[in-house]
Every structure is written in C-alpha cells, then in structure tokens.
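**Q** Let me give you the structure first, and then I'll get to my questions.
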Amino acid sequence: MTELLRVVGLTKVFGSGRTEVVAVDGVDLTSDRGEITLVMGPSGSGKTTLLTMIGCLLRPTSGRVLIDGLDVTALPSREQPRIRRTLVGFVFQTFNLLDSLSALENVEVALNIAGVKGSAAAARARALLLEAGLEGRLDFPASALSAGERQRVAIARALANGPPLLLADEPTANLDSRHGREVMDLLRALALGEDRGAVVVSHDERLRAIADRIVRLEDGRIRRIAERRTAAA
Amino acid sequence: MSVGGVAFAVLLILLVVSLYRGWSATGSVYSKLPGQVWLAQAGTVDPFHSTSLLPAGRAAALARVPGVAAVLPVYARHLAFPLGGGGRADAYAMAIGAPRGTAIPAEARPYFPAPGHVVIDRVLAAEAGVQPGSRLVVLGHRLVVDRLGSGGNKIVQFAFLNPAEGRALLGEPGRVSYYLLVAAPGASLGALERAAVAVVPGSEAHTSAEFARAFSRLVSSGFLSVVGVLVGIGFVVGGAVIALTTYTATVEKARDFGVLKAVGASASFVYRIVVWQSLLVGLAGALLGIAASAVAADLITRRVPEFVTDLRLVDVLGVFGAAVLMSIVASFVPVHRLNRIDPAMVFRA
C-alpha cells in the first residue's frame, strides 16, 4: 500500500501566556491508501483539532501535513479551499447538510463548487446516492430524511469530487446501533472502494471493527498506535 | 420572510410615491379638456384665486381668428355644495359650452354632462355622501350626480355642469368666465394667443398647461413638499428594510455558508450565491410588493377618498428596478460577515 497521509510534528497551540492551551502536541502519523485510521481518545484530547488541521480548516502552529505527497501546510490560505474540494472529503457528526435542499442537490452543490455543473453533476450525484443505498430518497428534502439517511447523503457528498482522503468526525455519534452499523459498512465500502484512505475520529468502540489502524490520543499526544491485528486482539 | 421584507419595502415606497403622484395630478383635468388656450380677464393669476369675467358673444369673432378650430365659452366659479351633515363644501365648478359640431375627445366627454346633471369629484362625493344617481340641490337647482370625476383632493375639488345650469349658477348676465380655444392642427399657439387677445379687449391668454400648473402649485407649495420628503424617507426606510432583510437572511444562513466553505467553496462562490439569492428575493419581493401596492392603494382610496393615489406604470417599473438594485447592493453588506465565517465552525455541534 502507498502512503496517502503523513503528519509530521503537528502542533496546535491556542491562546498565549496563562491562557495557553496545547491542543495537539507534536503528532506524527501516517495513513496509507486503502486504510482506515481510527483516532480515539477522551473528550478534549485534541482529536477534532487534529482532524481540522489535516483537512486544512485550521492552520497548525507548527508541523506539516502531506496529503498524497503535497505539503498542504506550506500552501497559502487562499489555496486551502482548493485542497478541501479536491484532496479531502468531510463527514461530520451533525451531518451538516443544507436542509432546504434535496438529497440530490446537497451532493450536486459539492460538485458545483468544484466546477462540475448541470447534467454531469446531477448524474454523478445520482450515482453516488444510489451507491449509498438511497434509492427513492433522492428528491427528499434533507430535513425529511432519517439520521442514518442524512449521514449517507453526507458520505456521498464527501466523495462527490473523488478526494483520495476521507475525514470523518464522529460519524456514528448521532445514530442508533443499526444505522451506525450501516454507516460503518458504507464508510468501509465507499471510502476504500476507489483506493482511498480515511481518518475517522470517534469515541465509538464499534468503529474498531472497520479500522486498520487505531491511534490513541490523550492530551494532544499519541499514546499508542495499534495495527488492525493488534486492535482486533 | 426575506421576500416579505422586500415586498413590505416596495409597498411602503410605492404607496408614498403614488400618493405624491396623486396629489401632483391636481389640475390634470385641464389636460383632458378639449382646447389648448384659455382666454381670461386680464390680471387673472390663476383660475383658483381669480374671478375672470369676459364679455359674452365674442365666440363668433374668435372663431374667425386664424388657427382657431373651435371656441368653447366657459362659466366657472367656486360653488358651495351641500354636505350630508348639513354643512357645505367648496368646489371649483365649470360649465363648458360646446357649439354644435365641436369634436369632443372621448376622455373629455365626462366633463360635458347633460342638462340637470353634474359631475363631481370623488373626494367631494365622499364628503357629501353622494354617488352617481344621487340628487343634490345647489342654490335652488336640482341636479343629478351623473358620475364621479378624478383629479381633485382635499384642497381642490372640481365639479362640471351643463352650460344650461352653468349660465344660471355660475355666470353673470352678458358675461362668460373664459373662452376655451381649440387650435387647428399645426397652428402656432403664440400667434393664436396674440390674435385672440386682440379680439377680446381686456383679456389675456393662458395655455391649458399653465392653468394645470397653477392648480398643481396650490398643492405643491404646501402639502406636496411634505409628501416629497415622505417619498425620500420611504426610499431610505425601504432601502434599509431591504438591506437589513438581506443581511439577516445571510446571517441566519451563516452555518450553511460555513458548510460550503468547509467542503471547499471559495469566497467568490459564496458571494455569488448570496448575490443570486438576493436577486431572486428582490425579484419575488418586488413583484409581491407591487401587487400588494395596487390592492392597498385601491382599498385605501375607497375607504379614505382624500388619500388620492395615482399608481403609474413608470413608477412601478422604477420602484421595481430600484428594489432589485437595492437587493443586489444590499447583498454586499454582509460580505465582511461572510469573510469572518470560520469553516471549522461546522465541527461544533
């Protein structure tokens, strides 16, 4: 497997002086194509901060993030949106769909942002939603979908522009066990189906089942990295 | 809600503009009457403030003036009409004689009632509590209300009589108030005026437009300037409502814009969405506001005849364009706010 993500000495410090908080402290991490890396840890351990830095939503205080060999931390701020729409796809805990739009339109918007318009965008969005098992729900307003269906739409949106890296923040936190299981299976199938990689941040122990690598984060530092065989043991 | 805000702003602006137009139209009746030149007694400042008396029997001589197609003797003065509660209302009454064979334009025909009939302004009619078919007794003469006219307001109201009653109620023996001259096509009004004044000693000529302006000045010197200020305020308040509506709609959608930024939307992509949404809201709101204005102006005028409105197409189009333009301009108000949206906010529950 080839390396997809390399995180080197990633650090994020919020505030200064007496209010200084080190949210992520010198994290080194790699993730390969075809691999799901699960980042676990207690609340406040820096999981989401780590994910937002990998996803170019937050500038690190120091350290580097390389996605597919490209040092995204070295790019100017104006380049960050391009990275977010081409190299990474996000899946959020609260889905973050646009409620006034249909399932299809939510995916189309992501394609529009990348410059794919009209029938090409509609066809691509339709194919992704069908792959996500949302037949018969394409034209439903996002607000009318169940939580599990909303997360499926969110996954389809994340994959719309074919990013090599999928970043998921607590993707099963708002789902019951059945829907959580379905989303996990979908993540596994879709995230890795096209030679992608995924970094999933979660408290959900069930996600261990689909993870190839489990990273334990505490106080902003990596305490342990377990490979799948170890994790399953 | 955004559409409603824009519609409310358009309603506000259009109602004030139509009120301004309605009151500005005082005296517009002169443009509807046949004839372009009014021969009046010398020194007549305007029909409202001055009484004009000219010798009768000069119509035939005036008809021979080059460029004159027809001569219409006019009897006119202020006349008190009885009100429902026992009071009286002053109206500017005119009776225009039309010699046989004079071509009366269709829009002027309502001002030539049959004998025993009177056309009164709808504002006066509301005050007097009468409607078409009602009977009035004016200075002992029984008159039937033929129809209701427009062009009047709380300050100036018009009434039109048949010359038969006009001579008795408005005229002096051997006198007329004015001669209204209908110019032949292509005739020079200046030359016609000079020749006509020479025919009737002690007279002077005014154009219909001058008389119309004289009436308009009655209103514009007082009330209309206040309405003019209200129009300005209407535009400012309406513009502020549109700007605030657009800003609020954008702020309410801040999280959605954050999501778009998080999934890779550039700042220009987000701005384009805001401008496009503002344009659609502006279009829909303006159309709704125009429809509401038409209904509201009609309802208000029915209930309060003194609220004289004139909703003109040119104003409707102007306000429509202004509302859409204001919506687009207003979409730039929240640009700073959009810039400050942190896409990482989407990770917060």
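**Q** Return yes when B:R213 is at pLDDT 85 or above and among the basic types (K, R) and no when it is not.
**A** Criteria not met by B:R213.
**Q** Look through region B:20-52, keep the residues that are among the hydrophobic types (A, V, I, L, M, F, W, C) and surrounded by 24 or more Cβ atoms within 10 Å (Cβ to Cβ), and return whichever of them is nearest to the chain's Cα centre (by Cα).
**A** Our first condition is that a residue be among the hydrophobic types (A, V, I, L, M, F, W, C); within region B:20-52, this holds for B:23, B:25, B:29, B:33, B:37-40, B:42, B:45, B:48.
Add one more test, that the residue is surrounded by 24 or more Cβ atoms within 10 Å (Cβ to Cβ), and what stays is B:23, B:29, B:33, B:37-40.
Numbers: B:W23: 5, B:V29: 11, B:L33: 16, B:V37: 23, B:W38: 23, B:L39: 26, B:A40: 26 Å.
Checked region B:20-52; the qualifying residue nearest to the chain's Cα centre (by Cα) is B:W23.
**Q** Being assigned to a helix (DSSP H, G or I) and within 9 Å of another protein chain (Cβ to nearest Cβ) is the filter here, so list the residues in region A:81-121 that pass it.
**A** First pass over region A:81-121, keeping only residues assigned to a helix (DSSP H, G or I): A:81-86, A:103-113, A:118-121.
Across region A:81-121, the qualifying residues are A:P81, A:R82, A:I83, A:R84, A:R85, A:T86, A:V109, A:A110, A:N112, A:I113.
**Q** Taking the condition of being without any contact (Cβ under 8 Å) to a residue 60 or more places away in the chain, within 11 Å of chain A (Cβ to nearest Cβ) and aromatic (F, W, Y), how many residues in region B:255-283 meet it?
**A** Looking only at that region, the number is 1.
**Q** Restricting region A:52-80 to residues that are among the hydrophobic types (A, V, I, L, M, F, W, C) and assigned to a loop (DSSP other than H, G, I, E, B), which is farthest from the other protein chains (Cβ to nearest Cβ)?
**A** A:L75
**Q** Let me ask another. Scan region B:228-247 and give yes if some residue there is surrounded by fewer than 20 Cβ atoms within 10 Å (Cβ to Cβ), outside any helix (DSSP H, G or I) and not hydrophobic (A, V, I, L, M, F, W, C), otherwise no.
**A** Taking every residue of region B:228-247 in turn, none turns out to be surrounded by fewer than 20 Cβ atoms within 10 Å (Cβ to Cβ), outside any helix (DSSP H, G or I) and not hydrophobic (A, V, I, L, M, F, W, C).
**Q** Every residue in region A:143-170 that is within 13 Å of another protein chain (Cβ to nearest Cβ), over 28 Å from A:S45 (Cβ atoms) and in a helix (DSSP H, G or I), please.
**A** Within region A:143-170, A:S143, A:V153, A:A156 qualify.
**Q** Could you say which residue among A:D185, A:D219, A:D176 is modelled with pLDDT of 85 or more and surrounded by fewer than 18 Cβ atoms within 10 Å (Cβ to Cβ)? Spell out how you get there, then give the answer.
**A** Values: A:D185 fails: modelled with pLDDT of 85 or more; A:D176 fails: modelled with pLDDT of 85 or more.
After applying the criteria, what remains is A:D219.
Residue by residue, here is whether (1) within 17 Å of B:V199 (Cβ to Cβ); (2) part of a strand (DSSP E or B); (3) touching a Ser or Thr at 6+ places or on another chain (Cβ under 8 Å); (4) without any contact (Cβ under 8 Å) to a residue 12 or more places away in the chain holds:
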residue	(1), (2), (3), (4)
B:T51	no, no, yes, no
B:P66	yes, no, no, no
B:V71	yes, yes, no, no
B:A103	no, no, no, no
B:R109	no, no, no, yes
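**Q** Scanning region B:292-349 for residues that are surrounded by 19 or more Cβ atoms within 10 Å (Cβ to Cβ), β-branched (V, I, T) and away from every other protein chain (no Cβ under 14 Å), which turns out nearest to A:T48 (Cα to Cα)?
**A** Among those that are surrounded by 19 or more Cβ atoms within 10 Å (Cβ to Cβ), β-branched (V, I, T) and away from every other protein chain (no Cβ under 14 Å), it is B:V324.
The values are calculated or read from the model by the stated rules, or taken from the named source; none is laboratory data. Everything numeric here is computed off the predicted structure, so don't read it as measured data. Cβ coordinates were reconstructed from backbone atoms using ideal geometry, including for glycine residues, and neighbour counts include every protein chain displayed.
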